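S.K.: First the structure, then my questions, so here it is.
The values are calculated or read from the model by the stated rules, or taken from the named source; none is laboratory data. Remember, it's a predicted structure, so these values are computed and weren't measured experimentally. Neighbour counts run over all protein chains shown; Cβ positions are idealised from the backbone, glycine included. Protein only, heavy atoms only, side chains kept; ligands, DNA and RNA dropped before computing areas. Shrake-Rupley method; radii C 1.70, N 1.55, O 1.52, S 1.80 Å.
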Amino acid sequence: AGLDVLDIINEPTAAALAFGYQQGMLSLTSPQPSNAGRRILVYDLGGGTFDVTILEIEGHEFRALATDGDVRLGGKDFDERLVNFLAQVFLDRHGADPRSDPQDAAQLWQDAMEAKHALSERRRTSVVLHHAGIRMRVELTREQFQELTRDLTERTEATTSLVLKEAGLSWSEIDRVLLVGGATRMPAVSEMLLRLSGRQPDCSVSPD
């Protein structure tokens, strides 16, 4: 495009910028932004990685106060818990493992991801498994899914609390908790952050 690239903005800062413009905290035309120093915690749970960053916005300046993450934790890990659970149910009932067939395993992963999405919208769903000429329906509840993945959510909680400590801040000093990444649509994420911060996380910007 003929642009002179000066720098690459990291994802948490990009998310905070998008939020700032949408909320009127920043303006492309006004030399005096409306924000007079705000701290935003960006909780970014994507498909393959997790990051959390605390940013301080003052004027047009964005400053990272603390950041940490887990490169081995993401939405796919939540999918995997469902894959293994469903496969075990099928194995227990029929003595065959759908993960042993590449085509059936690929379909199982797809079904698990769709079940995860469904349980973000409603409290129960069902998955139909096909393997070795056998068809089986398994009912799933949001509570089951949250119990299967509780330790994964707790890992993000531990990282978030550590970043807050590294920044030398308390939750009362955080103005907004901003959700980024498709996996933050899982209700357990918002419930955990609400319990920690005492305020509802901000979903005004699309997590994608």
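S.K.: Within the stretch 88-194, considering only helices (runs of 4 or more DSSP H) that don't extend past its boundaries, which have at least 2 residues that are among the charged types (D, E, K, R) and surrounded by 20 or more Cβ atoms within 10 Å (Cβ to Cβ)?
M.R.: 102-121
S.K.: Which members of the stretch 1-20 meet the condition of being open to solvent by less than 80 Å² (accessible area, probe 1.4 Å) and either in contact (Cβ under 8 Å) with a residue 60 or more places away in the chain or of a type outside the set (Gly, Ala, Ser) (or both)?
M.R.: Once the filter is applied, which keeps residues that are open to solvent by less than 80 Å² (accessible area, probe 1.4 Å) and either in contact (Cβ under 8 Å) with a residue 60 or more places away in the chain or of a type outside the set (Gly, Ala, Ser) (or both), the stretch 1-20 yields 12, 13, 15, 16, 17, 18, 19.
S.K.: Scanning the stretch 35-63 for residues that are modelled with pLDDT under 90, of a type outside the set (Phe, Trp, Tyr) and assigned to a strand (DSSP E or B), which turns out farthest from residue 21 (Cα to Cα)?
M.R.: Out of the qualifying residues, it is 63.
S.K.: Can you tell me which residue among 95, 59, 46, 69 is among the small types (Gly, Ala, Ser) and touching a Phe, Trp or Tyr at 6+ places or on another chain (Cβ under 6 Å)?
M.R.: 69
S.K.: Here's another thing I want to ask about it. I need every pair where a residue in the stretch 68-91 that is farther than 15 Å from residue 147 by Cβ and modelled with pLDDT of 95 or more has its Cβ under 7 Å from the Cβ of a residue that is open to solvent by less than 30 Å² (accessible area, probe 1.4 Å) and among the basic types (Lys, Arg), sequence separation at least 6 or different chains.
M.R.: 79/116
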